[in-house]
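The structure appears below as structure tokens.
The values are calculated or read from the model by the stated rules, or taken from the named source; none is laboratory data. These numbers come from a predicted model, not from an experiment. Positions of Cβ are generated from backbone atoms using ideal geometry, with glycine treated the same way; all protein chains shown enter the neighbour counts. Accessible surface is based on the protein model in full, side chains and every heavy atom, while ligands, DNA and RNA are left aside. Shrake-Rupley method; radii C 1.70, N 1.55, O 1.52, S 1.80 Å.
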Amino acid sequence: MAKTTLAPRKGFLSENPSVLRFLGLLALFTIIISALAEGFGVGVISTSFLKVLGMTLCLCLIAVAMDVVWGYCGILSLGHFAFFGLGGYGIGMWLMYARTEGIVRESLANAPIPATEGEVRDAIATQIFSVVGSTELPFIWGFAHSLTLQLLLIVLVPGLLALVFGWLAFRSRVTGVYLSILTQAMTLALSLYLFQNDTGLRGNNGLSGLQNIPGLLHLPQSTIALWFFWASALALGLGYLLFAWLVSGKFGSVVRAIRDNESRVRFLGYHVESYKLVVFTATAIVSGIAGALYYPQAGIINPAEIAPITSIYLAVWVAIGGRGRLYGAVIGAATVSLLSSWFTGGGAPNINLGFYEIVWTDWWLVLLGLGFVAVTLFFPKGIGGLFDYLVRKP
Amino acid sequence: MTHRSLLAALATSTALVAAPAIAQDCADPIKVGVLHSLSGSMAISETTLRDVMLMLIEQQNEAGGVLGCQLEAVVVDPASDWPLFAELTRQLLTVDEVDVIFGAWTSVSRKSALPVLEELNGLMFYPVQYEGEESSRNVFYTGAAPNQQAIPAVDYFLEELGVESFALLGTDYVYPRTTNAILEAYLLDKGIAAEDIFVNYTPFGHSDWSTIVSDVVALGAGGKQVGVISTINGDANVGFYTELGAQGVSAADIPVVAFSVGEEELSGLDTGPLAGHLAAWNYFQSADTEINADFVAAWKEFAGEDRVTNDPMEAHYIGFNMWVNAVEAAGTTDVDAVREAMWGQEYPNLTGGTAVMNANHHLSKPVLIGEIREDGQFDIISQTTEVPGDAWTDFLPESAVLTSDWQALECGMYNTETETCVQLTSNY
Amino acid sequence: MPLRTVLSRALAILVLSMLALTAPPRAAVAQDTLQPLLQQYAEELASPSRRSFGAVADALLADGRPGAADFLRRYEAREVVQRPEDGLFFYAEDAGDLVRLIDVDTGAAVADVSSRDVDQIRANAGVRRVIAAALVPFELNAPERARREAALDAISRSAEASQIAPLADSIAQEPDPDLKTRKERLFLLLTAQFGAERAERLEAIAALGGDTSIEARGVLNQLTATRTEVAPSLPESANIARVLTVGEDLTQAEAYADLVDAGLAEPAQTPSELRAVLAENIVDGRVGGVPVGRLSDPMARIEAYEALEDAGAVPPRAAPDEAAQAVAAHVFYDEYVLNDPEITTAAQDALDSTAQAIATYQMADLVLDGLSLASIFFLAAIGLAITFGVMGVINMAHGEFIMMGAYTGYVVQLFIPDYTISLLVALPLAFLVTFGAGVAMERAVIRHLYTRPLETLLATFGISIALQQLAKNIFGTQARPLTAPDWLGGAITFNDIVGISTIRVAIFVLALIFLGVLLYILKRTRLGLEVRAVTQNPGMAASMGINPDRINMLTFGLGSGIAGIAGVAIGLYAQVTSEMGASYIVQSFMTVVVGGVGNVWGTLAGASLIGFLQKGIEWFNPSNTLAAQTFMVLFVILFIQFRPKGIVALKGRAAGD
């Protein structure tokens, strides 16, 4: 790829007012929510809801990435949550290690003989892994003591996995449904692997207590939640900007062309595989970052988070929001996940039909499923498409 | 249909008053959070516990409530999604402002809720048998610790059935892993050779059991009495027992003792071929006492004639009643006051005798071993006196030195060797 | 405790015999009835234990009072209760809500009482085995065949030397040829274990050679049981199985641990012991002159200890090579528990002669299991092979059609109690139900999405989660029983190693039938021709007078209907829950893709590959099924990289792209 393909044209933002509008709205949203949050003493928005909002922003970020890979490049990846989860595990390892280290050092401080580094490490390992019946620190935790190294891993591990997997798959010209099933197999393999207790990441229990940030334990969760909310909003803004820029130039045109007719693009002399690989890897890295911001707010990560079904949901969010438009992905992810937490959290009032009472905890999934069908059938461009239609009508 | 609509009326998560009148002196009604999955893979077990909580609250309200106030159930659905347990715990404690939570089933869901409970100083009652190695300031464990279920069952195998060769089969998650680690250490301690212990882990919902059952049968070639200790969870048991039946493995040849199979699980099975296999619990529906007869009758009236009772339900029954008594004793629902009033609380077991809440937040309960009958109930063939629950097992070297005593030591993870409190929070 | 009970029992027998001597008439009266005898053993009878009950049963039987054997039989069947007021034992019979007490001697009804007023005595399985063993001599010649068979079971479960004589006596009188063979076999096994005559015993052991049954191998393995021992030199008297080499058979550390266990070496000082010793010797913030602050360094700790050692405050440290020297100075060996070389050698020879056969049989069993797993995968995936493979529709709700089929079977069983008839009704009904559901889904949803294949994935996923939740709302969250008829209940066993449950054979047969029927429909019928035409080129097919709408509808219905039948079959051997479909869907897609899309043979190949592969990996690591599944999926990923079109790839135009 020559440099020119990636170079931004002048006035990228002025040529894409929708990006600017989105960023403006996001900033406004962040300010309003922050002002109402408990952390500032107003308390209209509870910390638990603020966390939900922060997590939703992270989900919006991975949805944007998914939209780029699917809506723009035509790869229906059913495995992007694997990268999201890897990011979460990456940050989770540091959070657990550092917090445990603090506890261990404090409890060993009173011992008559000061502890050796080996003893401290053993104590940390026992503390973290006794829950899965082990006392050894697995070698993959070798970098867990260092935040910098672990942050590097959050970028490197999903990136490398995507690079290797994508290189193999694209090189073999696996496309369409086969590629979807292949990506699904990837996330299934990863979740099965992590489910095993002896793979060093605590099996089904995963990593927990991630909301307690080492070094910040004295701060109330209302403050920490606010910080993470800001970080998530910032990440979403930057991610959105990055992808909007990526898909707007010539690179974007090639990528869209690949989506529409891969063979023709290849015959025109483009190295299709490289373009796909760049898109796949870049979205994987962004997904990993989104995961690294999501799980400290969720508090726990475990293999169920990357089971195949979560990645299918991701595709559904993008479809509902409207593929091929980045704000569509944001709308889709935000709508479905907030509705989901409204219904399961019990916000929705029951409907009494006289002969039968609709309890939403029982019927919400039926509604959601039928909603997917309706959107696919009647609004193939999703909510975003509807939005476009309304905006451009006058 | 009547019970269904009643449940429906009660099951809303927005706070609902379960009885018409609220006593005048109650500015704030007393709220009880119910945190059990109503959808997803764990709904199979947890929905029953939501129902039993609603029944207990209804009964308490009919009896005049607590401190003269009516109780209000706040039901939420964590949907078997572990991070949602943390989120909804926070919501229950800060938005709904409940006074106590009854909830969780799997270890991972408890570990998800723990940090939030400890941060916000909430109070939770956890009703399921679990792997131990934990004692949180803010949780009362009304289910069995390993020494109240697994160890007595293994003793029964060793002493009463003369088993010399063990197959430990489990679902691959934390409870079976930790329990089996404890049991392996215990068996080696008892002089069982390492090669006579066969361990196998399978995924959740596993259905292809033929090879594993063949492996277990093949253990018999060693010429020793073989026994199976099963920590297989949930619906995977259906395939497992079906395969045992198909391969003609009778309880007389290879007895199986299960820690996760109770009346509720058996109702999804053809129990004919299982007769004689064993389960270890602290409660069986067939316990022949008057209070149990009343409890079962009340449950059937509330939930339906074909419903059964099981061990975690008794755990909630004891936990809820102890909490009510502790609140009455403390004169307030304030968590710290109730916590202190909980220590030493006594309440009759449904199986006879009295359960006591110890200062390590675990109960003293009797251990029962039952043989599966053809009708899906259990014949109780062994019942011990009350065994105090042990938060930290004595059979793993790292935890043998640990103890929990919130009353005298004010610590849930106290190292008796260095005489220091390792940490005040729990190790989630 | 055992000593105490033995003593008290001995005392009781002594007292009883003295009573018999001093007051013959009274004792004679007492001897006619069972109750007084039972009262002597009241404690053991009320709370029986496997370890002590053997003596009680023997004593009851040895006394020769009438009804003693019968009492034990009813005791074993848990029909005996004890009345707490007077401690008397009764037989219990059901009398409505009450329990009717029957006198053990007269057989007369004494009273009807509530079950809470008497103590039920429930002999556990261990005690029952003891009773069955004690009753063996009484049962071997019993008139009922079932009782004789039970006695033989009792012998094979708890063999005792004392059983040889009665067993040998009963062989000649045995009328039933099957039982006679079994008796002869058991006699052989007992002789091998306990035979008094050495020659007979060796002969019996030799006769067990080549016998692959579990009982025979169990006997031989017991005879050749070994234990690991350590000694300064090989003892002359021991019956050595083999000498172990340190470094090959056991590690240096294990060897040293054995030495410590045997009391031949001192345990090495652990770091925590070192720390404890240092902590005891802190003087003015220093240990052996080393400041406490420096002791976070392991080297400083050794330095401090050596300083203490020089001062004579602590025992000297072990030299680094002391452990190695100690290990080198000893022999490690496996010793036969049975110190009789002639017997152990014979038993070992007998065992060795079966090793080859056992390995072959185990392989055969593995192949059977693989075949069975493959047929289950095939059955789950074959409907998908049509809807996805032939039509190209990604139906994520395929798993839910399997679930619908299984629930149909469950509902049918609610109405038709006879399992055979209900199965015969359920199979076609499940086909009809899911055929209907498939057709409805095709008409309402999929028809509109043929031009957008990836979106069918989303729409059908929506249907899938809606159907799952609906099933949960209707049938509840609990697993439902779908019971196989008795003739499908057992297993087909070739010997103790090779065997397979009947239901799995039935699934295999069903899979074969499906394969045949589908191949026939697709290759030999008008419908099949039209299906192939429509899938290859709908436009051209339509212009030839084929109605593509109708064909698509029928094909989709067929694929869904087959999933329904598969659901009944799967439900018979595994659990029926609302989530059962979800556990098959990903696997089924992989099966179809690995096999090659658009071809029924491909699906067969895919299912076989995945099934056998998974069993193969499980065989390498039998303790972790999850790992086997992980590796299997990884293999699938790699396989698709190298054969993107699957095993059976279509060629030419049909392959499309």
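Please go through the stretch A:153-198 and pick out each residue that is among the aromatic types (Phe, Trp, Tyr) and buried (at least 18 other Cβ atoms within 10 Å of the Cβ). Result: A:Phe165, A:Phe170, A:Tyr178, A:Tyr193, A:Phe195.
Each row is one residue, and each column tells you yes or no for (1) within 23 Å of the chain's Cα centre (by Cα); (2) in contact (Cβ under 8 Å) with a residue 24 or more places away in the chain.
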residue: A:Phe12; (1), (2): no, yes
residue: A:Val19; (1), (2): yes, yes
residue: A:Phe29; (1), (2): yes, yes
residue: A:Ile32; (1), (2): no, no
residue: A:Gly54; (1), (2): yes, yes
residue: A:Ile62; (1), (2): yes, yes
residue: A:Trp70; (1), (2): yes, yes
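The set of residues in the stretch C:320-341 being hydrophobic (A, V, I, L, M, F, W, C) and within 16 Å of C:Gln252 (Cα to Cα) consists of C:Ala323, C:Ala324, C:Ala326, C:Val327, C:Ala328, C:Ala329, C:Val331, C:Phe332.
Results for (1) farther than 30 Å from C:Pro315 by Cβ; (2) loosely packed, with under 12 Cβ neighbours inside 10 Å, shown as yes or no for each residue.
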site	(1), (2)
C:Asp176	yes, no
C:Glu197	yes, yes
C:Asp211	yes, no
C:Val260	no, no
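Matching residues to (1) within 12 Å of chain B (Cβ to nearest Cβ); (2) among the basic types (Lys, Arg); (3) open to solvent by 50 Å² or more (accessible area, probe 1.4 Å):
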| site | (1), (2), (3) |
| --- | --- |
| C:Arg100 | no, yes, yes |
| C:Asp103 | no, no, no |
| C:Thr106 | no, no, yes |
| C:Val113 | no, no, no |
| C:Ile121 | yes, no, no |
| C:Arg129 | yes, yes, no |
| C:Leu135 | no, no, no |
| C:Phe138 | no, no, yes |
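Taking A:Trp342 as meeting all but one of (1) surrounded by fewer than 16 Cβ atoms within 10 Å (Cβ to Cβ); (2) modelled with pLDDT under 80, write down the number of the exception. Among (1) surrounded by fewer than 16 Cβ atoms within 10 Å (Cβ to Cβ); (2) modelled with pLDDT under 80, A:Trp342 violates only (2). Close contacts from the stretch A:317-341, counting a first residue that is basic (Lys, Arg) and a second that is assigned to a loop (DSSP other than H, G, I, E, B), with Cβ to Cβ under 8 Å and a gap of 6+ residues or different chains, come to A:Arg323/A:Lys381.
When A:Leu217 is tested against the conditions (1) assigned to a loop (DSSP other than H, G, I, E, B); (2) more than 11 Å from chain B (Cβ to nearest Cβ); (3) open to solvent by 10 Å² or more (accessible area, probe 1.4 Å), the lone failure is (2).
Only residues that are within 13 Å of another protein chain (Cβ to nearest Cβ) and either small (Gly, Ala, Ser) or in a helix (DSSP H, G or I) (or both) were counted across the stretch B:281-308, and they come to 8. When you look at A:Ile224, is it closer than 24 Å to A:Pro303 by Cβ, in contact (Cβ under 8 Å) with a residue 12 or more places away in the chain and assigned to a helix (DSSP H, G or I), yes or no? Here the answer is no, as A:Ile224 does not meet what is asked. Out of A:Gly39, A:Gly24, A:Gly54, one residue alone is out of contact with any helix residue (DSSP H, G or I) (no Cβ under 6 Å at 6 or more places or on another chain) and open to solvent by less than 50 Å² (accessible area, probe 1.4 Å). It is A:Gly24. Look at the stretch C:626-649: where a residue is open to solvent by less than 10 Å² (accessible area, probe 1.4 Å) and a partner is of a type in the set (Ser, Thr, Tyr) and modelled with pLDDT of 90 or more, sitting 6+ places away or on another chain with Cβ atoms under 8 Å, you get C:Thr630/A:Tyr193. Might you let me know whether the stretch C:434-446 holds any residue that is outside any helix (DSSP H, G or I) and open to solvent by 50 Å² or more (accessible area, probe 1.4 Å)? The answer is no; no qualifying residue exists.
Quick check on the stretch B:407-425. Is at least one of its residues part of a loop (DSSP other than H, G, I, E, B), in the same structural domain as B:Met124 (by TED's automatic domain parsing), open to solvent by less than 60 Å² (accessible area, probe 1.4 Å) and in contact with a helix residue (DSSP H, G or I) (Cβ under 6 Å, 6 or more places away or on another chain)? Taking every residue of the stretch B:407-425 in turn, none turns out to be part of a loop (DSSP other than H, G, I, E, B), in the same structural domain as B:Met124 (by TED's automatic domain parsing), open to solvent by less than 60 Å² (accessible area, probe 1.4 Å) and in contact with a helix residue (DSSP H, G or I) (Cβ under 6 Å, 6 or more places away or on another chain). Of all residues in the stretch B:261-274, those being in contact with a Ser or Thr (Cβ under 9 Å, 6 or more places away or on another chain) and open to solvent by 10 Å² or more (accessible area, probe 1.4 Å) number 6. Among the residues of the stretch C:276-283, is there at least one that is in a helix (DSSP H, G or I), more than 11 Å from chain A (Cβ to nearest Cβ) and open to solvent by less than 60 Å² (accessible area, probe 1.4 Å)? No - not one qualifying residue is present in the stretch C:276-283. Restricted to the stretch C:355-380, and to residues there that are within 10 Å of chain B (Cβ to nearest Cβ) and not hydrophobic (A, V, I, L, M, F, W, C), the residue that is farthest from C:Ala566 (Cα to Cα) is C:Gln362.
Annotation: of all residues in the stretch C:490-522 being without any contact (Cβ under 8 Å) to a residue 40 or more places away in the chain, within 30 Å of C:Val600 (Cα to Cα) and in contact with a helix residue (DSSP H, G or I) (Cβ under 7 Å, 6 or more places away or on another chain), the one that is nearest to the other protein chains (Cβ to nearest Cβ) is C:Ala491.
Restricted to helices (runs of 4 or more DSSP H) entirely inside the stretch C:8-86, those with at least 2 residues that are among the basic types (Lys, Arg), modelled with pLDDT of 80 or more and surrounded by 14 or more Cβ atoms within 10 Å (Cβ to Cβ) are C:50-62, C:68-76.
Exactly one residue among C:Gly516, C:Gly559, C:Gly539, C:Gly528 is closer than 24 Å to C:Leu470 by Cβ and in a helix (DSSP H, G or I), and that residue is C:Gly559.
Under 22 Å from B:Ala63 (Cβ atoms), among the hydroxyl-bearing types (Ser, Thr, Tyr) and buried (at least 23 other Cβ atoms within 10 Å of the Cβ), is that true of B:Thr309? So B:Thr309 fits the description; yes. Quick check on A:Ala125: is it buried (at least 19 other Cβ atoms within 10 Å of the Cβ), farther than 30 Å from C:Thr270 by Cβ and among the aliphatic types (A, V, I, L, M)? So A:Ala125 fails the test.
For the stretch A:128-152, a residue qualifies if it is away from chain B (no Cβ under 14 Å) and open to solvent by less than 50 Å² (accessible area, probe 1.4 Å), and the qualifying residues are A:Pro138, A:Trp141, A:Gly142, A:Ala144, A:Ser146, A:Gln150. Of all the residues that make up the stretch A:84-115, how many are surrounded by 19 or more Cβ atoms within 10 Å (Cβ to Cβ), within 14 Å of chain C (Cβ to nearest Cβ) and either in contact with a Leu (Cβ under 6 Å, 6 or more places away or on another chain) or not in a helix (DSSP H, G or I) (or both)? Of the residues in that region, 2 qualify. On the basis of being within 11 Å of chain A (Cβ to nearest Cβ), free of Cβ contacts under 8 Å to residues at least 40 places away in the same chain and assigned to a loop (DSSP other than H, G, I, E, B), does C:Pro622 make the cut? Answer is no for this residue. Go through the stretch B:180-197 and give me each residue that's surrounded by fewer than 19 Cβ atoms within 10 Å (Cβ to Cβ) and not β-branched (Val, Ile, Thr). B:Ala185, B:Leu188, B:Asp189, B:Lys190, B:Gly191, B:Ala193, B:Ala194, B:Glu195, B:Asp196 - these are the residues of the stretch B:180-197 that are surrounded by fewer than 19 Cβ atoms within 10 Å (Cβ to Cβ) and not β-branched (Val, Ile, Thr).
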